[in-house]
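Quick notes on the structure that follows.
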Amino acid sequence: MPALISTSRIKSTILVCLLACGCNSWATPPSLASSAARLATDPAWRALLHFPKGQALSLIDDSRFFLAPNGQSDPQAELQATVQALYQENQNQAQANAAPVVPKQDAQLEKNGTEADTEPSASANNTNIGSENDKFVQCRYPARTAWLKEKIPDLAAELHSLPCPRWSALLQQVQPHSATLVFPDGYLNSPASMFGHTLLRIDPPQEHALRGYAVNYAAQTAEENGLAYAFNGIFGLYKGLFSILPYSEKLKEYQFGEQRDMWEFRLNLSPAENLRLLQHVWELEGAYSYYYFFDKNCSYRLLSLLEAARPSLDLTSAKGLWVIPSDTIRQVQEAGLLLHTSYRPSQAQKLRGLEKQLSPEDLTLLARLGDPAQDPANFRWPSDTRQKRLLLDASLEYLQYQHSKQNFSLEAYRQRYLYLLNERSRLGKLAASQTPTNPALAQTDPAAPQDPTAGHNTTRIGITGVSQGSDSGYLLQLRPAYHDMRDRQAGYLQGAGIEFVSATMLMQGQSSKKIQLQELNLVSIDSMARQSALLKPWSWNVQFGWARLHPASMLDSTNAEETASPQLPKTETNPLQFRVIGGIGKAYGWLDDSLLTYADLRAKIATRSQWNGLYADLGWRLGMQHYPSPSWSWGLQASGWETSTLAQSMPRQAEFHLGYYPSKDIALHFKQEQPWGRNPGAGPSRPRTSLGIHLFR
Amino acid sequence: MKKILALTFTLATLATSAIAGPNTGCGLGNEVIKNQNTVLMQVLAVTTNGTFGNQTFGISFGTLGCAKPASWVGAETQQFVALNMEGLAADIAKGQGEAVDTLADLMKQDRATFASKLQSNFDKIYTSTSVDASAVLSNIKAVL
């Protein structure tokens, strides 16, 4: 672009002339020179640039966020560039009609210092982030500006407030007063959601949640392809962005569309801190950072926002290899930020609560009320007004639920909805003793389940003593994430088991110290969705990874005598197989949901031994798990594979399990495994007893 | 072998989930966008924590495509009603709830009286299935 170069040359000449004249137009305020280094190390400044404590690189990847070319690695350069830019545009405005400073458009411009870009084409190009209306640095970086003015008195004295229409409009609309950390839990039958999610909500002074604004970080994904999701998400190939939108929109998305329970944790940030939070979120508009599923994900990025609001916090520097949403909530709790908690049940959860209070006749009528094709003239209402109220409240939820399954048209939905509302409006209010209609229950309400801070920590380490006949040994277990149905249940989604990279090693023999990998499950997902009168989901499970052919077995001092399975070479009685298993079935809840029963059919594709050929198998699993109190659980399970010749030479499995949870992060386990049916003595499978301890950290 | 694979993938092609689309109008309820995600894709999609919602920044009032608000009600009240049509209608029909309480505060009315009066005049407020936020607010004003 020759025109640009020549303009720069002209400007350089002017610059030299001005300096020669002794004009101060381009100089920075005197008080900055001495304090720049000190200010740049201030936690507040570093927090605004997303520099975790003690780290040399900002978490933000978009270079357009930084005014200095090396801003991503140099907070001081960024500070100086910001002050320079603020000062510059102030001078320009004072001289009237100069174009605003356009940050980091062209590396060449930057090298010449922050010269005002008088090229009209560049400023009209709108290639800057957030450049639609508010081009001034003051307007694009309100948090930085406010803080710098506070710390540099000369700058505060010099700067005139410039009009920032778009920022002002947002500020007026959002009215930041208080902030809430929101946790939409996962929901069954959607492993994509199973770790949950976190977002922030900023509320106006009267603290109406429905008038709040959600601040959300998410990967920008265009694909529909699951494999692309997985790959791009893990390796940081998606750009993540923050967005602000009305909280009620998010509520609809989570509670109705996705049927997710939500917890809202009110934070003790002050109105001034919440203002800074919103100012900083504004600065992040359009500034991407790469989304990494394991560590730099939605929950991690939110922590940077909290640090910007309250710079004394250090939430980001101690990041491990992975960041799980519920862990960040516990982290925020430990930092002393949580005030109180509310619970919003999803629509499905509300329905489950309501249907328990309805009689079978009511439920029949309910199904018809939720079907717009049924003629209302045929409805026979309960004679009791209280019962009719409950029925109508349930029917409103049920109709919406059916509509979300796209079972009928929008107009049919509206007509039936209006009909039900009209009927309901004639019946007055529910008595206080009946199901509360306020959707946000306080955590102290007995109907509210425990929130994630009550849940065990996500990394599980275990040591278990095992004994089988005359053999004994130890199992060492490591599971980085997350939860299964035999762990302490409080604070976790009921029925959801998800395990990542779960490894079990067997150590055996006092004298011969043999050690062997028993199992390395890469992913195991168990989705036990309970049936109810109205909701009849499938339950299913998926797992893949390595496991021994005979799971309940020991190392083989005795095995040498056994006849190897006819399908396997003699030397491999209990090979490590790679297998993929999928199952589908039904689960039921009894005794007020304290008892779970489940049954499913399963299919397996596995290697015979190591990578020596594949085979397929069909099988089944049947079991029950009882949770009589939060402190302990017990269960029985039977399973077997049926169709392959390999399976038919092996017994089936049965097991009894007992768990005791003396505290949130300690669990004791007892298990008795019993081969049965079909050749129970064949191969290495024997009755095996285990007793162990799990620690969660 | 192929049969086994086919069976496995058939078993995997289970869950379809539907999500409510963005509130593109101001009436009761939204069009539902059916989201065909097989379980297999869901398992793989776990890595991005599944974001399907539209991403927006700095929503300004009046972008919802609703009819122009009456002059007597603030833009925020208008937006509140437009974004919470179903929830508000349900709360008014029940005579209590978070949405109707919020509206009472916005309109500087006593919560209990407001909810009660609106409930007894429900059919005068929600006069048809095509009623939108502006109409609802006008009708509420007439009833107060």
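Could you work out the percent of alpha carbon pairs in the range A:154-252 separated by over 19 Å, rounded to a whole number? Provide the component values of the computation, followed by the final result.
Values: 2900 of 4851 pairs.
Across the range A:154-252, Cα pairs with separations above 19 Å total 60 percent.
Within the range A:385-427, whose backbone N sits under 19 Å from a point 7 Å along Cα→Cβ of B:ASP123?
It comes to A:389, A:392-393, A:414-427, nothing else.
Please compute the length gained on full extension between A:ASP42 and A:ALA169, using 0.36 nm multiplied by the number of residues separating them and subtracting their Cα-Cα distance.
42.7 nm
Say each of A:LYS53 and A:LEU522 gets a label point 7 Å from the Cα, pointing the same way as Cα to Cβ; how far apart are those two points in nm?
Rounded to a tenth, the inter-label distance reads 3.8 nm.
I'd like to compare A:240-252, A:642-654, B:103-115: which one has the highest average count of other Cβ atoms within 10 Å, and what's the full order after that? Kindly include the intermediate steps, with their values, before the conclusion.
On the way: A:240-252: 23.1, A:642-654: 17.8, B:103-115: 15.9.
Ranked by mean Cβ neighbours within 10 Å, highest first: A:240-252, A:642-654, B:103-115.
Which value, in debye to the nearest 20, gives the size of the charge dipole of the range A:443-545 about its Cα centre, when Lys and Arg are +1 and Asp and Glu are -1 at the Cβ? Could you put the intermediate results ahead of the total?
Working: 8 positive and 8 negative charges, 38 e Å.
Dipole about the Cα centre, nearest 20: 180 debye.
If each of A:ALA222 and A:SER270 carries a label point 7 Å out from its Cα toward its Cβ, how far apart are those two points in nm?
Output for this residue pair reads 4.6 nm.
In the range A:478-511, which residues have a backbone nitrogen under 18 Å from the label point lying 7 Å from A:ASP665's Cα in the Cα-to-Cβ direction?
A:478-484, A:487-492
Rank the residues B:THR77, A:THR82 as a footprinting-exposure proxy: fewest other Cβ atoms within 10 Å of their Cβ go first.
Details: B:THR77 19, A:THR82 25.
The order, fewest Cβ neighbours first, is B:THR77, A:THR82.
Quick check: pseudo-label points 7 Å beyond the Cα along Cα→Cβ at A:ALA599 and A:ALA156, how many nm apart are they?
Here the modelled spin labels are 7.4 nm apart.
What pairs from B:LYS94/B:LYS117; A:LYS586/A:LYS671; A:LYS250/A:LYS664; A:LYS388/A:LYS536; A:LYS252/A:LYS388; A:LYS296/A:LYS319 go past 20 Å between their alpha carbons? Can you show the working numbers first?
On the way: B:LYS94/B:LYS117 12 Å; A:LYS586/A:LYS671 24 Å; A:LYS250/A:LYS664 31 Å; A:LYS388/A:LYS536 24 Å; A:LYS252/A:LYS388 26 Å; A:LYS296/A:LYS319 9 Å.
Pairs exceeding the cut-off: A:LYS586/A:LYS671; A:LYS250/A:LYS664; A:LYS388/A:LYS536; A:LYS252/A:LYS388.
Calculate, for A:ALA377 and A:TRP676, the FRET efficiency according to 1/(1 + (r/R0)^6) with r their C-beta to C-beta distance and R0 51 Å; round to the nearest 0.05.
Details: r = 58 Å, r/R0 = 1.14.
Efficiency, rounded to the nearest 0.05: 0.30.
To the nearest whole number, what is the average tally of beta carbon atoms from other chains within 10 Å of the beta carbons of peptide A:244-250? Please report the intermediate quantities before stating the final value.
Details: counts 5, 8, 9, 1, 9, 9, 1.
Mean partner shielding for this stretch: 6.
Every read-out reported here was derived from the displayed coordinates using simple, explicitly stated rules and does not represent laboratory data. Predicted, not measured: the structure shown is a model, and the values here were computed from it. Glycine also receives a Cβ, built like all others from the backbone with ideal geometry; neighbour counts cover every protein chain displayed.
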